[in-house]
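Novice: Mind looking over this structure? Questions follow.
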Amino acid sequence: MKLLVSVVDDDEARLAVAGGVDVVDVKNPAEGSLGAPAPAVIADVRRVLPAHLPLSVAIGDLPSLPGTAALAALGAARSGAAYVKLGLWGSSTTEQAVAVLRAARDAVDGEALVVAVTYADAGRVPSRPLPPQLLVDAAHRAGVAGCLLDTSVKDGRGLLSWLTPDELAGIVAEAHDAGLEMALAGELRAEDLPTIRASGADIAGVRSAACRDGRRTAPLDPERIALLRAVCAEDGARASAVGLVDRA
């Protein structure tokens with residue numbers, strides 16, 4: 001399983017690289033869980049990454065407007081994104097989600113891979129985003145590359161507060177059967193990563209767990225990132241030895 005770490009600028013991207021991260025993700029938390037960064041920020045982050053390291057970019061918690069999704073996706077791809085994460089904030093049905101995702105896919109035209117994102121806590125979001133159980137079907141029908149399950153409200157209740165390990169494993173298996181890459185995120189803590197890895201997920205996404213003392217607002221810590229990556233790679237003994245996780 002690969003480790004994705006979210007950053008807000010090129011300085012944080014350098015710290016993530018120093019920790020040996022597999023995927024750098026850039027977003028603007030001030031605009032929501034999938035808040036979109038400015039094109040210049042994307043370009044700055046891409047510039048400091050090694051050529052082989054993929055850049056993931058959030059393009060927003062989007063309304064059910066295919067044209068808006070297409071323009072945002074193309075802007076991210078042209079700014080250097082390898083993965084474009086599209087939050088299905090305003091798409092309550094599979095049909096709406098497919099239309100938005102397909103528009104984004106057609107706009108990037110192979111320049112980047114589109115990732116469909118919905119929220120494990122969708123039921124408490126006023127806009128009623130696409131339920132997690134419908135995510136894989138929508139992504140498959142739209143012809144995009146992958147899926148991400150996240151949480152919308154960042155209040156300490158992470159992904160595993162909303163979906164059981166068996167439910168996550170079922171969604172991951174469905175994605176793989178459909179030929180899709182599957183990422184899991186949502187306030188994941190270091191001790192959650194063995195469970196996420198056991199689900200079969202391809203990528204685990206973190207922010208707080210990669211920060212000093214595990215606080216989202218603290219600076220990123222390259223040593224913590226290296227240890228988290230070890231857990232993702234099933235080398236949990238190293239992380240356990242320093243107390244980063246209780247089990248592996």
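Novice: Hey, any hits in the range 77-98 for a residue that's of a type in the set (D, E, K, R) and more than 24 Å from L4 (Cα to Cα)?
Specialist: yes
Novice: Could you run through the range 177-201 and say how many residues are within 22 Å of A122 (Cα to Cα) and either of a type in the set (S, T, N, Q) or part of a loop (DSSP other than H, G, I, E, B) (or both)?
Specialist: Number satisfying all stated conditions: 9.
Novice: Next up: Tell me which of these S152 doesn't satisfy, since it passes every other one: (1) buried (at least 16 other Cβ atoms within 10 Å of the Cβ); (2) not in a loop (DSSP other than H, G, I, E, B).
Specialist: Against the list (1) buried (at least 16 other Cβ atoms within 10 Å of the Cβ); (2) not in a loop (DSSP other than H, G, I, E, B), S152 comes up short only on (2).
Novice: Search the range 212-244 for residues being modelled with pLDDT of 55 or more and among the β-branched types (V, I, T), and hand back the single one that is nearest to the chain's Cα centre (by Cα).
Specialist: The qualifying residue nearest to the chain's Cα centre (by Cα) is I225.
Novice: Okay, moving on. Look at the range 44-58 and say how many of its residues are small (G, A, S) and surrounded by 16 or more Cβ atoms within 10 Å (Cβ to Cβ).
Specialist: The number of residues fulfilling the criteria is 2.
Novice: Residue by residue through the range 11-42, note down the ones that are outside any loop (DSSP other than H, G, I, E, B), modelled with pLDDT of 95 or more and buried (at least 16 other Cβ atoms within 10 Å of the Cβ).
Specialist: Of everything in the range 11-42, those that are outside any loop (DSSP other than H, G, I, E, B), modelled with pLDDT of 95 or more and buried (at least 16 other Cβ atoms within 10 Å of the Cβ) turn out to be E12, A13, R14, L15, A16, V17, V23, V24, D25, V26, V41, I42.
Novice: Can you tell me which residue in the range 102-132 is surrounded by the most Cβ atoms within 10 Å (Cβ to Cβ), limited to those that are in contact with a Gly (Cβ under 8 Å, 6 or more places away or on another chain) and assigned to a helix (DSSP H, G or I)?
Specialist: R105
Novice: Check A169, A209 and return the single one that is touching a Ser or Thr at 6+ places or on another chain (Cβ under 6 Å) and either at pLDDT below 95 or assigned to a helix (DSSP H, G or I) (or both).
Specialist: Going through A169, A209 in turn, the sole match is A169.
Novice: Also, I was wondering about something else. Can we say A204 is in a helix (DSSP H, G or I), under 17 Å from the mean Cα position of the chain (by Cα) and among the hydrophobic types (A, V, I, L, M, F, W, C)?
Specialist: No: the conditions fail for A204.
Novice: Residue check: is A120 in contact with a helix residue (DSSP H, G or I) (Cβ under 7 Å, 6 or more places away or on another chain) and among the aliphatic types (A, V, I, L, M)?
Specialist: yes
Novice: Still on this structure, I have one more. Would you mind finding the one in A76, A82 that is under 24 Å from G186 (Cα atoms), among the hydrophobic types (A, V, I, L, M, F, W, C) and surrounded by 19 or more Cβ atoms within 10 Å (Cβ to Cβ)?
Specialist: Matching residue, one of A76, A82: A76.
Novice: List the pairs whose first member sits in the range 163-174 and is under 20 Å from A145 (Cβ atoms), whose second member is among the β-branched types (V, I, T) and at pLDDT 95 or above, and whose Cβ atoms are under 6 Å apart, counting only residues at least 6 apart or on separate chains?
Specialist: E174/V136
Each row is one residue, and each column tells you yes or no for (1) surrounded by fewer than 22 Cβ atoms within 10 Å (Cβ to Cβ); (2) on the phi > 0 side of the Ramachandran plot; (3) touching a residue at least 60 places away in the same chain (Cβ under 8 Å); (4) among the small types (G, A, S).
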| site | (1), (2), (3), (4) |
| --- | --- |
| G156 | yes, yes, no, yes |
| P194 | yes, no, no, no |
| I203 | no, no, yes, no |
| I225 | no, no, yes, no |
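The values are calculated or read from the model by the stated rules, or taken from the named source; none is laboratory data. From a predicted model like this one, the values you see are computed outputs, not experimental measurements. All Cβ positions, even for glycine, are placed from backbone atoms using ideal geometry, and neighbour counts span all protein chains on display.
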